[in-house]
1. Between B:Gly124 and the same site in the other copies, what are the distances in nm, shortest first, taking label points 7 Å from Cα along the C-beta direction?
2. Indicate the residues belonging to the range B:180-226 that lose 40 Å² or more of solvent-accessible heavy-atom surface (probe 1.4 Å) upon moving from the chain alone to the assembly of all protein chains, ignoring ligands and nucleic acids.
3. Ranked highest first by average number of other Cβ atoms within 10 Å, how do A:113-120, B:55-62, A:2-9 line up?
4. Per-residue HN-Hα couplings for the range A:134-144, Karplus 6.51 cos²θ - 1.76 cosθ + 1.60 at θ = phi - 60°, whole Hz, x for Gly and Pro?
5. Take the solvent-accessible surface of the protein heavy atoms, probe 1.4 Å, and return the percent of it on chain A that carbon and sulfur atoms account for.
6. Could you state the number of Å between the C-alpha centres of the range B:212-254 and the range A:267-282?
7. Separation between the A:Lys193 and B:Ala94 pseudo-spin-labels, each 7 Å from Cα along Cα→Cβ, expressed in nm?
8. If the label point is 7 Å along Cα→Cβ of B:Lys130, which residues in the range A:238-269 have backbone nitrogen under 15 Å from it?
Number of protein chains: 2
Amino acid sequence: MDNKVTLGLVQISCTNHIEENIERTIARVIEAATRGAQIICLQELFDLPYLAQRVDIHGYELARSVEENPVLHRLGTLAGELGIVLIVPFYEKADRGLYFNTAAVFDVDGRLLGTTRKSHIPDGPQYHEKYYFTPGNSNYPVYSTRFGRIGVGICWDEWFPEVARILSLKGAEILFYPSAIGSEPDHPELSTKPIWEKAISAHGIYNGTFVAVVNRTGKEDEMTFYGGSFISNPFGEIISQLNGEEGVLVQEIDRNDISSARHLLQFLRDRRPETYAPLLHQELR
Amino acid sequence: MDNKVTLGLVQISCTNHIEENIERTIARVIEAATRGAQIICLQELFDLPYLAQRVDIHGYELARSVEENPVLHRLGTLAGELGIVLIVPFYEKADRGLYFNTAAVFDVDGRLLGTTRKSHIPDGPQYHEKYYFTPGNSNYPVYSTRFGRIGVGICWDEWFPEVARILSLKGAEILFYPSAIGSEPDHPELSTKPIWEKAISAHGIYNGTFVAVVNRTGKEDEMTFYGGSFISNPFGEIISQLNGEEGVLVQEIDRNDISSARHLLQFLRDRRPETYAPLLHQELR
């Protein structure tokens, strides 16, 4: 496998017209692949307006099972046609009343390698996710794709060092985080963007991995998403970033940088897992 | 307990004259207390030259037991006289042939609250720590001091999200990291300083805690330590920092900021400890 691999992140602004969101995304995927991207990641719930902005019982009707999801089928086929690895977040119906915030990973032949369900579910003003999504328990899979070993966390998952560590221990070279983050109604004066950039890129330092975050952008009713999708290297440096506009980020990375970082900052060598049992507790006061 | 508390960090440049290092440090502690500091932290192995720069069997002679350590005794007394909480890193002799890199915590009455042994031991060119220090297993204690609940990690410990998380789950409001970090002979072109600042301050974001890092400064033979001691808030923002000169950092913080951060970024609420068992493994390939 070549040590060089080119990543593509597709950052779009969604409307209530789902078909339009899909068409615009597909055009961007083709653009990214044409520019050389080999692993392409879409944003969280890529084709839907951010439904958790409000509590609405009709929202559940948007969920689809893996098997009966024409959008997934279409994008898997596209991955095969373009010869790319493609990460496709979607609203998953596991059963009537059991819904997950999930991402599907397709390999270059269009084959579904598996799905990762969002493990950590936020909840707050305009982020009513606990209403829509059950906390996933897909055990943090790592996927051996044609272009490298990758792990996926979905949005809120990206804030938990536990997730990044588990994926890295399993051999992930790149952590992909499809996201939807923006304004905070309780803190109109605060932008979480610099906090988010620091917290997410720092995972790369602790673990010696690349990190690729795809965030949605644009205004949806009361909410403004800030985009800013980025790729950071194993020293935690953001090497490429979009602004708040729709767009595609295409960036080549070199997997050799993983060894370089880990041979200087040997955290995997020096971990003390025999002392970490307290991490399995909710509280320790 | 007042929600406002003032922290003091003492950053000095050490020579081979141990007595002189002690005197200069004590003068700085008094200066910090005079300027209002209530919890004062010294740098890693504060009174010794950085002995791990080379492998030398005579280095072990510098270790002292907690009981028979006149420097610890003197600084404990000083803490009582000044009415401060004082964190004093030292080279601990547990037995002949069993040595730890440790920090003692004294409360405002001069009483020793306990010790924290460095858990994660680095090793590399000019950082031959595995020769001198056994990996500690003091179970990451959190100390209830007169001025707040604090946890301590020692240098390399500061790079491990596991340590910050365990201390925070145990109720630490401020994470203190006495350190000794500087030049990397294998990477003369690289400064780890920005990487270090990001990685360490980000712990504050994940956990909603303050972080206070004390790093030594100055040149010792082949090594240059970069100082840059800092305090960051529960949003991971560095709110006060020294440059590469000797000095004292005195900064008031407000414990109310912990609630503000945690009520916006509710990571403690949403953790999934039942899914974290993989963290107890060394590798998972």
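The values are calculated or read from the model by the stated rules, or taken from the named source; none is laboratory data. None of the values given here were measured: they were computed from a predicted structure. Cβ atoms come from the backbone with ideal geometry, glycine included; neighbour counts cover every protein chain shown. Ligands, DNA and RNA are stripped out before the accessible areas are found, and what is left, the full protein with its side chains, is counted by its heavy atoms. Shrake-Rupley method; radii C 1.70, N 1.55, O 1.52, S 1.80 Å.
1. Ordered by increasing distance: 3.5 nm.
2. B:His187, B:Ile195, B:Lys198, B:Ile205, B:Tyr206
3. In descending order of packing, they fall as A:113-120, A:2-9, B:55-62.
4. 7, x, x, 9, 9, 6, 6, x, 10, 9, 8
5. Result for chain A: 49 percent of the exposed heavy-atom area is carbon or sulfur.
6. 27 Å
7. That separation, rounded to one decimal, is 4.9 nm.
8. A:263-269
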